[in-house]
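Here is the structure we will look at.
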Amino acid sequence: MLKPQVSSTRQICPLDGIWNFAVHKEPDLEDDKLWTQTISSQLQVPVPSSYNDIFVDAKIRDHVGWVVYQRDAIVPHTWSLERYCLRFDAATHVARVYVNEHFVLAHSGGYTPFECDITDIVKPGQRFRLTVAVSNELTWESIPPGKIEVMANGDRKQTYYHDFFNYAGLARSVYLYSKPQISIQDIFITTNFQENTGLVDYVIETSHPLEGADVRVRLIDENEQCVYDGRGQKSRAVIGNVRLWQPGGAYLYQLRAELISSSDPNTVIDSYELPIGIRTVEVVGNRFLINGNPFYFTGFGKHEDSLIRGKGHDNATMIHDFHLMDWIGANSFRTAHYPYAEEVYEFADRHGIVVIDETAAVGINLGIIAGVFGFKAPPTFSAESANEKTQHTHLQAIRELVSRDKNHPSVVMWCIANEIASAEAGAREYMEPLVKLTRELDPTRPVCFTNMAFSKVDKEVVTDLFDVLCLNRYYGWYSQMGDLDAAEQILEKELRGWQEAHDKPIIIAEYGADAHAGLHSVLDVAWSEDYQSRFLAMYHRVFDRVDNIVGEHVWNFADFHCTSSMTRVDGNKKGIFTRERRPKAAAQVLRRRWKEDGIAA
Ligand code: GCB
């Protein structure tokens with residue numbers, strides 16, 4: 001599915017703005033058929049934004065179940081020869097879309113786009129009522145999973161196993177867009193190079209078999225020069241004096257795909273442009289290579305999280321975050337713990353930032369919470385928990401992620417799960433089909449998952465399926481608190497153990513300590529900015545002694561919101577920046593290492 005764009009043959013009517021809003025009290029949406037009515041403007045919400053923190057009302061913030069968004073829209077009368085679609089960049093987590101009284105589409109999965117063609121339902125020039133019901137419920141049939149309990153007073157309570165607030169709603173853009181009757185449906189590219197010749201293999205998928213039409217593909221360089229002009233749906237572009245897409249030095253060609261009339265090549269039936277970067281990614285031995293050169297990841301596990309709008313996408317926050325990453329010397333980040341807004345990848349493509357792209361499979365591990373509090377956990381993989389239905393949803397989440405992000409040069413690896421219970425019985429049976437599918441969908445990128453500290457090298461059962469070891473470690477925080485010497489020894493011993501067992505590159509995909517901005521101490525006092533700094537410095541000493549380490553992603557870029565608990569003070573405070581994006585002391589530790597000393601060079 002291609003992202004909507006304006007081209008000589010396509011148009012967009014953005015439907016972002018202020019929508020009417022209602023909370024649906026009953027668990028079953030069908031009860032009062034809200035979409036057949038006009039929802040009053042008494043409650044209104046911005047789109048894109050999570051709705052939770054917009055109101056000053058705990059009942060809305062913590063509501064479990066459906067909410068309903070509504071607005072009017074008009075199909076331009078000039079679209080009479082076109083097909084037109086509604087496109088939702090995301091609806092967290094389940095959406096049902098209604099045009100006037102018609103149900104048109106349902107989608108599950110809160111972080112990937114979906115669309116529906118409404119050409120046969122609404123006429124050009126016609127105004128229509130668009131209603132979108134969105135449910136935030138998480139169960140063992142969703143990714144991420146969760147559990148809903150009915151309390152004594154009849155209220156429903158949502159629990160989940162991940163450490164970020166369950167923000168919901170229409171957090172990304174909504175569009176009405178047009179495309180021609182016969183159109184370009186999808187584009188698949190893979191890139192390679194030999195010496196200074198670039199190779200771009202492409203497949204242009206069309207909505208209909210082509211009769212009387214042809215596909216023309218051009219590649220335009222950054223000087224607006226056409227460096228390739230070819231015909232056919234499937235071919236290879238060969239480019240002399242290629243400029244590669246490099247981390248920190250992006251170069252993008254515009255792939256201009258056109259459907260043209262076979263009798264008159266000047267008649268363009270459809271036109272779509274895709275910025276592409278020519279680069280290779282591979283794992284060789286214990287190294288991660290981009291364009292054949294060892295790449296060392298510096299950066300963060302991030303979140304889409306900000307004040308008021310929650311997970312709502314916002315270009316200002318996004319670009320500011322990228323500038324802070326540049327300031328600190330981060331060359332990469334992981335989209336923990338879900339696919340981010342497409343604008344994020346487009347920006348990373350344009351600016352040479354490397355991305356590890358993650359599904360929303362977080363919290364498939366019942367041992368974590370039990371382990372932290374010292375009680376025995378039920379099994380993670382069982383009929384009552386992660387089961388065939390969870391796996392089915394997980395497979396679909398992988399399909400939608402790869403389908404959306406396959407052409408981004410910035411994306412160098414798929415992370416198919418965070419801290420899944422990889423040492424438990426059933427883990428291998430659960431994971432193997434997921435890895436197989438990811439590789440079938442994209443044979444060009446390495447695949448990883450992040451390993452949690454309870455899944456030790458002698459216990460875990462899936463690492464051999466993956467290309468890169470991604471370890472999340474918190475010695476000195478969740479254990480050995482305040483004793484960085486002990487933590488240093490345990491960390492080094494463990495990393496050496498992994499290195500001996502698997503000759504694969506290791507990325508420390510999470511390491512970090514909470515710090516309350518403004519709290520200082522000369523001693524190793526938890527929650528102080530100083531302890532966070534010393535904690536990171538200790539990890540860096542160890543990384544520099546272990547050969548297979550090819551990357552360090554601090555947890556987290558910024559403080560972020562999560563559910564209240566006794567281990568969280570108004571959110572998770574492991575950020576190197578506060579939620580308002582002010583640096584804590586540890587920012588200087590990282591900047592010195594990544595930018596001034598140039599560890600990544
Ligand atoms: C983890 C999780 C992350 C948490 C973090 C923490 O291992 O992957 O989602 O937020 O630890 O701070 O506990």
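Derivation of every value follows stated rules applied to the coordinates shown; laboratory data play no part. What you see is a predicted model; the values in this text were computed from it and never measured. Note: ideal-geometry Cβ built from the backbone for every residue, glycine included; neighbour counts use all protein chains shown.
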Which cross-chain or sequence-distant (5 or more) residues have an amide H under 5 Å from the amide H of L43, H modelled 1.01 Å from N in plane? F21
Helix-only [θ]222 nm of the chain, DSSP H runs n ≥ 4, -39500 (n - 2.57) each, per residue, nearest 500: -5500 deg cm²/dmol
Taking only Cα atoms of region 193-328, the Rg to Rh ratio with Kirkwood Rh works out at 1.07
Of all DSSP beta bridges in the chain, antiparallel share, percent nearest 5: 75 percent
For region 216-222, just list the computed ³J(HN,Hα) in residue order, Karplus coefficients 6.51, -1.76 and 1.60, θ = phi - 60°, integers in Hz, with x standing in for Gly and Pro. 10, 10, 10, 10, 10, 8, 6
What helices in the chain pass both tests, a Cα length along the helix axis of 18 Å or more and a mean Kyte hydropathy of -1.0 or higher, using whole DSSP H runs? 315-328, 427-441, 484-501, 529-543
Per-residue HN-Hα couplings for region 14-22, Karplus 6.51 cos²θ - 1.76 cosθ + 1.60 at θ = phi - 60°, whole Hz, x for Gly and Pro? x, 10, 5, x, 9, 10, 6, 8, 9
Sort 285-295, 474-484 by the packing proxy (mean of other Cβ within 10 Å over each peptide's residues), most packed first. 474-484, 285-295
If you count the DSSP beta bridges with both ends in region 287-403, what percent of them are antiparallel, to the nearest 5? 30 percent
Subset of K3/K456; K3/K123; K147/K574; K59/K574; K302/K456; K504/K573 violating a 30 Å alpha-carbon distance limit: K3/K456; K504/K573
Honestly the chain on the Cα gyration tensor test (a ≥ b ≥ c root eigenvalues; a/c under 1.5 rounded, otherwise a/b vs b/c for prolate or oblate) is just oblate
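I need the semi-axes of the equivalent ellipsoid of region 472-601: take the C-alpha gyration tensor, multiply each eigenvalue by 5, square-root it, list largest first in whole angstrom.
Numbers: eigenvalues 119, 54, 40 Å².
Taking √(5λ) for each eigenvalue gives 24, 17, 14 Å, largest first.
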May I ask you to sort L176, L199 by Cβ crowding, counting other Cβ atoms within 10 Å and putting the fewest first? L199, L176
Counting other beta carbons within 10 Å of each Cβ, put I490, I12 in order, fewest first. I12, I490
Can you work out ³J(HN,Hα) from phi for every residue in region 181-186, in order, using Karplus 6.51 cos²θ - 1.76 cosθ + 1.60 and θ = phi - 60°, giving whole Hz and x for Gly and Pro? 4, 10, 9, 7, 9, 7
Could you size up the charge dipole of region 34-139 around its Cα centre, putting +1 on the beta carbon of Lys and Arg and -1 on that of Asp and Glu, and report it in debye to the nearest 20? 200 debye
To make sure I understand, if each residue's beta carbon is the centre and we count other beta carbons within 10 Å, what order do S142, S385, S564 fall in, fewest to most? S564, S385, S142
Built amide H within the under 5 Å cut-off of A417, gap 5+: T359, T450
